[in-house]
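Before any comments, here is the structure.
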Amino acid sequence: MITGASGLLGYKHAEVIAAAGGLPVLADLPAAEPEAKAEELRTAYGVQALGCATDITKGDQVKSLLATVLDRFGTVDILINNAANNPKVEGSSDAAWSRLENLPLDVWEADLAVGLTGAFLCSQVIGSEMARRNKGVILNVASDLAVIAPDQRLYRQDGVPEDLQPAKPVTYSVVKTALLGLTRYLATYWADSGVRVNAISPGGIYSGQPEDFVTRLSALIPLSRMARVDEYKGAVLFMCSDASSYMTGANVVIDGGRSCW
Ligand SMILES: NC(=O)c1ccc[n+]([C@@H]2O[C@H](COP(=O)([O-])OP(=O)(O)OC[C@H]3O[C@@H](n4cnc5c(N)ncnc54)[C@H](O)[C@@H]3O)[C@@H](O)[C@H]2O)c1
């Protein structure tokens, strides 16, 4: 079960599960059309993918998601907490809202609701079902910004006054760092219940960002480039399968070396 599965990385996680012979469940907001993405996957991989329109910030919707999946497949083995708000401030000269001093409370609340409360609710509802069956894996998708602070120089725009310069919102750091706490908590809480809980911390994926941003970011990365979107697939397969059977409570950082500089 993958949350935010219609997005850039979420769909890649679904491809990993499909290619490994699993039955991917794509959960995302109705507007992101998870059923259409599931159809894409069924066509490409010939698997029984299921798309479920779900707002993971709503406990009752997460409960119905579980009920639908149990009804259809009888079990749930893997949860990938992938959904998060990740507003793009790079290349924007109109993102003064993103600065700490200006960040609207509703943005703070919305970002925490999706990235953190959503991961909690999915873990609570779906993880408890796994624990009941004594088998399961949860993978939380954090970020390199779970282990380092954002370098705000990356987002600077020429000609924009200091107090209006865009910034990576504080919510991103807070949500991603908190996910590592959630990972460790759940890993130990369910250690005796057959549920392993880990995190991955991906670095930035190239998806057409402005050239000057890409150049600046690449200079902070020992491998001198952003990630390709498919470069996390191996890690996701490893962490969602029995290949990682002796691993729980861990955070695997895959960031081209950025956090070691
Ligand atoms: N893209 C990157 O460079 C990058 C780098 C590191 C970590 N990450 C993390 O990877 C994950 C996926 O990122 P992405 O780039 O694919 O983002 P994305 O914006 O493409 O996808 C996020 C998905 O989450 C969905 N979503 C939002 N609110 C939701 C809700 N309430 N209920 C259900 N679904 C909801 C959105 O509709 C969207 O499809 C995020 O956690 C992100 O922080 C991304």
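Read-outs: derived from the displayed coordinates by stated rules, not from any lab. As the structure is a prediction and not an experimental result, all values here were calculated from the model. Cβ coordinates were reconstructed from backbone atoms using ideal geometry, including for glycine residues, and neighbour counts include every protein chain displayed.
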Inset, instruction - Given the options Leu41, Leu105, Leu145, state which has the largest fluctuation in a GNM of the chain using a 10 Å cut-off (strictly under) for Cα springs. - result: Leu105
Inset, instruction - For each pair in Lys37/Lys135; Lys63/Lys168; Lys88/Lys233, compute the distance between the two Cα atoms and list the pairs where it is over 30 Å. - result: Lys63/Lys168
Inset, instruction - Please sort by residue number the GluC sites (Glu not before Pro) in region 3-110 whose DSSP state is loop and whose Cβ has at most 11 other Cβ atoms within 10 Å. - result: Glu101
Legend entry - Contour minus Cα-Cα distance for Asn102 and Arg133 (0.36 nm per residue): 6.5 nm
Inset, instruction - Determine, for Phe213, Phe238, the number of other Cβ atoms within 10 Å of each Cβ, and report the residues in order from fewest to most. - result: Phe238, Phe213
Inset, instruction - Multiply the residue gap between Ala243 and Ile205 by 0.36 nm, knock off their C-alpha separation, and tell me the result in nm, one decimal place. - result: 11.2 nm
Legend entry - Qualifying trypsin sites (Lys or Arg not before Pro) in region 15-122, DSSP loop, other Cβ atoms within 10 Å at most 11: none
Legend entry - the chain - mean residue ellipticity at 222 nm from DSSP helices (-39,500 (n - 2.57) per run, n ≥ 4, rounded to 500): -10500 deg cm²/dmol
Legend entry - Within region 48-192: Cβ-based charge dipole about Cα centre, in debye rounded to nearest 20 (Lys, Arg +1; Asp, Glu -1): 600 debye
Inset, instruction - Rounding to the nearest 20 debye, state how big the charge dipole of the chain is about its Cα centre with +1 on each Lys and Arg Cβ and -1 on each Asp and Glu Cβ. - result: 760 debye
Legend entry - Computed lengthening from Trp261 to Ser193, 0.36 nm per intervening residue step minus Cα-Cα distance: 20.7 nm
Inset, instruction - Determine one quarter of the surface area of the Cα convex hull of the chain, which equals its mean projected area, and express it in nm² to one decimal. - result: 13.7 nm²
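When the convex hull of the C-alpha atoms of region 185-239 is computed, what volume per residue in Å³ does it have?
Values: hull volume 6.0 nm³, N = 55.
Convex hull of Cα atoms, per residue: 109 Å³.
What's the ranking of 47-56, 225-234 by average number of surrounding C-beta atoms within 10 Å, highest first? Don't skip to the answer; put the middle values down first.
Values: 47-56: 21.3, 225-234: 15.4.
The packing order, highest mean first, is 47-56, 225-234.
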Legend entry - Charge context of Ala5, other residues only, Cβ under 15 angstrom, K/R +1, D/E -1: -3
Legend entry - Unit charges at the beta carbon, dipole of the chain: most positive-side option, Ala142, Val170, Tyr246: Tyr246
